[in-house]
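No lab work stands behind these numbers, since they all come straight from the coordinates. Quick caveat, the model's predicted, so the values are computed rather than measured. Please note: Cβ atoms are built from the backbone with ideal geometry, for glycine as well, and neighbour counts cover all protein chains shown.
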Amino acid sequence: MFNKILIANRGEIALRIIRTCKELGIKTVAVYSEADKDSLHVTFADEAVCIGPASSKESYLKIPLIISAAQITGADAIHPGYGFLAENASFSEICSESDIKFIGPTPQMINAMGDKAFAKDTMRKNGVPVIPGSDGVINDPEEGKKISEEIGYPVIIKASAGGGGKGMRIVWEKKDFDNAFQMARTEAESAFGNADVYIEKFIENPRHVEIQVLGDMHGNVYHYGERDCSVQRRHQKLIEESPSPVLDQSLREKMGESAILGAHAVNYEGAGTIEFLVDKHKNYYFMEMNTRIQVEHPVTEWVYGVDLVRQQILVAAGQKIETLPRKPNGHAMEFRINAEDPEFGFRPSPGKIQSLHCPGGFGVRVDTHIYTSYSIPPYYDSLIAKLIVWGQNREHAIERGRRALEEFVIEGIKTTIPFHLKVLEDGRFLSGNFDTGFLDHFVYK
Ligand code: MV4
């Protein structure tokens, strides 16, 4: 087992990782920027190293500084959390060259899944359902139009180096194809330095359902069911839940088996997420694979009774996965509390927390790094807390969510708390009958 883990991250996820390390008896090293000197992850870790000024580029993204911090403190592993360097293949590579275990995927896996056209091809060849479309990258617009005629409009043109919604173009009719194709390539080139695009059938009003997988070094892959993340705004998730209101046990097992096939195809090790789109006929299709622990992992933890960060550390140390219940117990929902003003287009609202009261009681978990008098710096992600609630079923989880959101008091800044309370009054949300377009039509007043 590791002796000391350096956490190459900040905020709630850094605390989350430190807590599990403590339970495992592993010492921790925090790294922090000058803007984060008063952060809780610095206080909670056994040791802390300042790695630079506020800007992420000059601190949390500076690979040589993080490696040096690990070497100076004698850390034998690095946990990257999510964001920052979590899916950076060269960071993973430099860690292993420096004899530091990277608690995450190998550079090969990151590259294989980061190339979206290649990832899709790998999944298709291994029997995972994929969205009908081109086999790989398309360079010639005439070929693109031929494929689009075959699969039928509307189609979507996606950047192969993209993901998370960047560099996509929907084409509704043949006459618009050439223009969209050109624009998609230009956008992809300027955003990712790679103009490659591929084409697929555009699935209207899908749900975003992702499967949590875990692989070990001995060739075992396990899944922990799904998370439904259909409540998103501009590709930013706001509410996630497990189980999904649209899956039954049989579809869950089918999607789980597909996710396991996909993970086996790339000899996946560690925690990963396979994202699927589910259409209105409950067909499901592979979309992307994320090779990291995700923000929304706690909903899975609750309904499957598993500490996913602990599992990540154990498999990184070479242990076999322990088998756990394959059926979800009850229902968990996560509400992302962001320092944003929902009344003004979710504009950032950094500043000082004048007073704070976190909800508690049965079935409530709050993962946060904020405290009274803490100043939220303007330089980073606006996520300041995650409220996760559990109930025996979806209705119960919603009642508890409402109760906990009402108990939550954060003064001094604007947050998404009142927005969540409004969503919990919406008939479509309450009935479970919504898709990824839900927030496009949702009126927040
Ligand atoms: C799609 C799609 C419909 N059809 N692909 C958005 C993020 C990126 N991972 C892929 N995305 C989509 N791909 C096909 N063929 C609709 C989306 C999409 C979406 C997906 C999941 C969650 C929210 C979304 C919001 C808009 C579009």
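When the alpha carbon gyration tensor of the chain is reduced to an equivalent ellipsoid, its three semi-axes come out at 33, 27, 23 angstrom, largest first.
Listed by chain and number, the aspartates and glutamates whose alpha-carbon sits under 12 Å from that of Lys254, ignoring those within fewer than 8 places in the same chain, are Glu226. From helices alone, the chain scores -9500 deg cm²/dmol at 222 nm; the rule is -39500 (n - 2.57) for each run of n ≥ 4 DSSP H residues, then divide by the residue total. Highest-first packing order for the peptide set 392-402, 425-435, 11-21 is 11-21, 392-402, 425-435, based on the mean count of other beta carbon atoms within 10 Å.
Counting Lys and Arg as +1 and Asp and Glu as -1 over every other residue whose Cβ lies under 10 Å from the Cβ of Gly81, the net charge comes to +2. Residues whose amide H falls under 5 Å from that of Asp341, counting only those 5 or more places apart or on a different chain, are Phe346, Arg347, Ser349, with hydrogens built in the peptide plane. Between Thr43 and Asn139, the FRET efficiency estimated from the beta carbon spacing at R0 = 56 angstrom works out to 0.60. When the Cα atoms of segment 4-103 are aligned to their principal axes, the ranges along those axes come out at 31, 29, 23 Å in descending order. Springs join every pair of Cα atoms under 10 Å in this Gaussian network model of the chain, and among Ala180, Ala119, Ala271 the largest mean-square fluctuation is at Ala180. Cross-link pairs exceeding 30 Å between alpha carbons, from the set Lys175/Lys280; Lys37/Lys158; Lys4/Lys62; Lys116/Lys422; Lys27/Lys327; Lys282/Lys414: Lys37/Lys158; Lys116/Lys422; Lys27/Lys327; Lys282/Lys414. Arranged from fewest to most other beta-carbon atoms within 10 Å of their beta carbon, Arg310, Arg124 become Arg310, Arg124. Taking a Cβ cut-off of under 15 Å around Glu253, the surrounding Lys, Arg, Asp and Glu residues balance to a net charge of +2, with basic ones at +1 and acidic ones at -1.
What lysines sit close enough to Lys320 to cross-link, taking a C-alpha to C-alpha distance under 19 Å and skipping anything fewer than 8 places away on the same chain? Lys320 reaches Lys101.
Scoring 215-222, 333-340, 138-145, 154-161 by mean Cβ neighbours within 10 Å over their residues and listing the highest first yields 333-340, 154-161, 215-222, 138-145. If a paramagnetic tag sat 7 Å from the Cα of Met217 along the Cα-Cβ line, which residues of segment 243-278 would have the backbone N under 15 Å from that point? Only 268-271 fall inside the zone, counting backbone N under 15 Å. Neighbours of Ala159 by Cβ distance under 10 Å: Lys/Arg scored +1, Asp/Glu scored -1, total +2.
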